[in-house]
Amino acid sequence: MELKQLLDFIALEDDRLKLQYGHPDETKRILARTVKITEELGELSNEVLAFHSMQRKEKMDNHTKETLHEEVADVLITTLLLAKTLNMDIEKVLEAKIEKINKRHETATPSNTI
């Protein structure tokens with residue numbers, strides 16, 4: 001999937017969610033989506049624990065490799081929905097962050113790396 005296709009989906013899903021839940025107030029949408037990221041991250045954490053057999057048996061019953069993948073996707077999609085609500089140009093934000101990370105590695109010496 002190309003990033004453009006993903007961002008087109010995010011725009012479509014943003015419209016669907018606005019219709020479904022209302023939240024005409026942008027601040028409420030931002031807060032709701034931030035809380036939703038926390039929920040999705042909790043579900044991902046549960047799947048990671050189950051994937052490594054570090055979860056209670058009853059929580060492991062419905063675990064599969066696919067559910068782990070789905071939870072990673074949920075975190076990404078929800079994060080992109082928040083970025084859209086915050087009117088971020090996610091492509092520019094990602095490019096800038098990647099450039100910053102690359103520069104950090106270019107200037108790193110063995111003594112100051114982890």
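Side notes on the structure shown:
- Set K65/K100; K36/K103; K36/K84; K4/K97 screened for pairs whose C-alpha atoms are more than 21 Å apart: K65/K100; K36/K103
- Among the helices of the chain, those built from whole DSSP H runs whose Cα atoms reach 18 Å or more along their own axis and whose mean Kyte-Doolittle hydropathy is at least -0.5 are 3-21, 26-51, 65-85.
- Point-charge dipole on Cβ atoms (K/R +1, D/E -1) for the chain, about Cα centre, debye to 20: 380 debye
- Relative to the 2.2 N^0.38 Å rule of thumb, the chain has a C-alpha radius of gyration ratio of 1.34.
- Qualifying trypsin sites (Lys or Arg not before Pro) in the stretch 1-107, where qualification requires a DSSP coil assignment and no more than 12 other C-beta atoms within 10 Å, comprise R56.
Each value in this text was obtained by applying a stated rule to the coordinates, not by laboratory testing. Remember, predicted model here, so these are calculated numbers, not experimental data. Methodologically, a virtual Cβ is constructed for each residue, glycine included, from the backbone with ideal geometry; neighbour enumeration extends over all protein chains shown.
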